[in-house]
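Notes follow once the structure below has been shown.
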Amino acid sequence: MAASADTITDDGNHTVELTVLDNEESAANGGSAAASSEEITPLLTQIERPKINIFSVSRSRRKPRELVIKAPETEISPVSQFMLWAWSGSRYSGLLCMALSSVIYFVMEVLSENFTAQSIPLFETSFVRCTVTLILSYIWLRRIGLPIFGATHPRKLLLLRSLVGYLSLLSFIYCIQRIPFSLAILLSFTTPIMASIMARIFLHEKLKITEIGGLACSFSGMLFIFQQMLTTQGTEMANLLLDVEGGLQKTEEASNSSCGGSNHIYAALIGFFSSITGGISYCLIKAAAKATDQPVVTVLSFAILASPAAGICTFAFEEFVLPSFNSLSLMLALGILSFLAEVFLAHGLQLEKINKAANVMFMEAALSQLWGIGTSSIAPSLGRLVGCILILISVSFTMFFGPEKENE
């Protein structure tokens with residue numbers, strides 16, 4: 001119970017009042033007050049604002065700043081983005097890989113011409129390049145966790161690719177040592193045409209009129225480029241044969257000259273055989289790369305056979321030359337570039353039709369001629385310029401209008 005009383009006076013006119021409250025009422029009143037206070041409390045807490053000071057403000061800005069710092073770590077450089085896009089990011093990937101392969105071969109040609117300080121035999125150079133390719137392709141496959149020899153069913157294709165590819169390389173080395181350099185290069189650029197023909201025979205690829213026209217345009221450009229050199233060498237050979245028949249030379253010189261002419265014809269046939277086997281090798285690269293789904297396996301299979309075979313040929317047919325430090329460094333650099341060029345070549349053949357991919361390979365010859373004209377190492381002529389323009393037009397048409405909507 002609770003009691004409350006007013007002030008008591010004894011005047012008589014006033015009365016004393018005593019108010020008595022039960023515990024239940026006080027509890028009810030207290031409960032209602034508590035309930036009302038509970039109802040009001042959430043409203044008060046919602047409108048309360050957090051206290052802000054300099055420490056809380058600086059603490060709230062730390063997280064965005066950390067995110068801004070970490071963001072560049074996950075960004076990819078434009079070069080890496082382009083390489084990923086060129087490798088498998090678009091329907092142009094096959095042709096772009098072939099173009100990158102041609103550009104790398106062109107860079108190799110420029111480096112070998114400008115930085116060669118020592119004459120190294122061809123088999124020895126081939127041995128170093130194949131060995132570097134063997135090591136790099138082995139490391140590549142180990143890093144991505146793939147078996148070295150690939151699956152079981154495409155091993156016959158890989159073996160054939162290695163045998164035919166090295167036979168083509170061996171024939172080209174024999175050819176380039178015995179005939180004029182320009183004729184050997186022209187014969188080597190018949191390989192894309194042979195590859196298109198072999199792809200029609202073995203892979204049943206259809207040849208469209210536009211694709212045949214592109215190959216014909218590019219090879220016509222090659223004829224324009226080497227027209228002057230071939231004409232000069234042909235005139236010299238004709239004069240030589242006339243002198244031999246007219247008896248203007250001694251008997252021993254005539255016999256040596258006639259043997260030299262027959263050797264040139266024989267070497268040219270070997271060079272043409274190298275182009276045919278090279279075309280077959282391209283078909284085998286495409287079939288093996290699609291079967292293994294990894295183009296580096298085809299590069300490794302070729303290097304496994306070519307490296308020891310080139311080493312044997314180095315000591316069997318040529319005199320070994322100990323390279324200097326600069327020459328060895330250049331050979332190693334060219335071996336690394338050769339590995340990259342072969343990987344891009346195999347991947348381009350894997351993604352694109354051979355007749356389209358082969359046409360892009362003529363770009364190397366056009367780039368080489370334009371570089372020579374720009375550096376004044378090659379005399380400019382109308383034939384060379386016309387040939388380069390024909391090749392670039394044909395390759396550009398193939399690059400922009402050639403790819404199918406979906407890669408095979």
Check your understanding: Name the residues in segment 370-382 that are open to solvent by 20 Å² or more (accessible area, probe 1.4 Å) and assigned to a helix (DSSP H, G or I), would you?
Key -> LEU370, TRP371, ILE373, GLY374, LEU382
Check your understanding: Does segment 231-245 contain at least one residue that is open to solvent by 50 Å² or more (accessible area, probe 1.4 Å), modelled with pLDDT of 85 or more and farther than 19 Å from PHE172 by Cα?
Key -> no
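Would you please name the residue that is surrounded by the most Cβ atoms within 10 Å (Cβ to Cβ), looking only at residues in segment 75-94 that are hydroxyl-bearing (Ser, Thr, Tyr) and within 21 Å of THR398 (Cβ to Cβ)?
SER93
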Review point. Out of segment 140-165, which residues are open to solvent by 80 Å² or more (accessible area, probe 1.4 Å), under 22 Å from the mean Cα position of the chain (by Cα) and modelled with pLDDT of 90 or more?
Key: TRP140, ARG142, ARG143
Point to revise | Within segment 86-106, considering residues that are of a type in the set (A, V, I, L, M, F, W, C) and under 10 Å from the mean Cα position of the chain (by Cα), the one modelled with the lowest pLDDT | key: ALA86
Review point. Quick one: would you say ALA99 is among the aliphatic types (A, V, I, L, M), open to solvent by less than 50 Å² (accessible area, probe 1.4 Å) and touching a residue at least 12 places away in the same chain (Cβ under 8 Å)?
Key: yes
Check your understanding: Across segment 171-195, what is the number of residues that are in contact with a Phe, Trp or Tyr (Cβ under 9 Å, 6 or more places away or on another chain) and within 23 Å of VAL299 (Cβ to Cβ)?
Key -> 8
Review point. PHE226 versus (1) closer than 19 Å to GLY271 by Cβ; (2) in contact with a Gly (Cβ under 6 Å, 6 or more places away or on another chain); (3) at pLDDT below 95: which is the lone unmet condition?
Key: (2)
Check your understanding: Can you find a residue in segment 339-359 that is over 30 Å from ILE197 (Cβ atoms), open to solvent by less than 30 Å² (accessible area, probe 1.4 Å), touching a residue at least 24 places away in the same chain (Cβ under 8 Å) and over 17 Å from the mean Cα position of the chain (by Cα)?
Key -> no
Exercise for review: Within segment 183-199, identify whether any single residue is surrounded by fewer than 17 Cβ atoms within 10 Å (Cβ to Cβ), out of contact with any Ser or Thr (no Cβ under 6 Å at 6 or more places or on another chain) and over 18 Å from MET361 (Cβ atoms), and answer yes or no.
Suggested key: no
Check your understanding: Got a number for residues in segment 300-323 being open to solvent by 70 Å² or more (accessible area, probe 1.4 Å) and in contact (Cβ under 8 Å) with a residue 40 or more places away in the chain?
Key -> 3
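The values are calculated or read from the model by the stated rules, or taken from the named source; none is laboratory data. All figures in this text were calculated on a predicted structure; none of them were measured in a lab. Glycine also receives a Cβ, built like all others from the backbone with ideal geometry; neighbour counts cover every protein chain displayed. Calculation scope for accessible area: heavy atoms of the full protein, side chains included, ligands and nucleic acids excluded. Shrake-Rupley method; radii C 1.70, N 1.55, O 1.52, S 1.80 Å.
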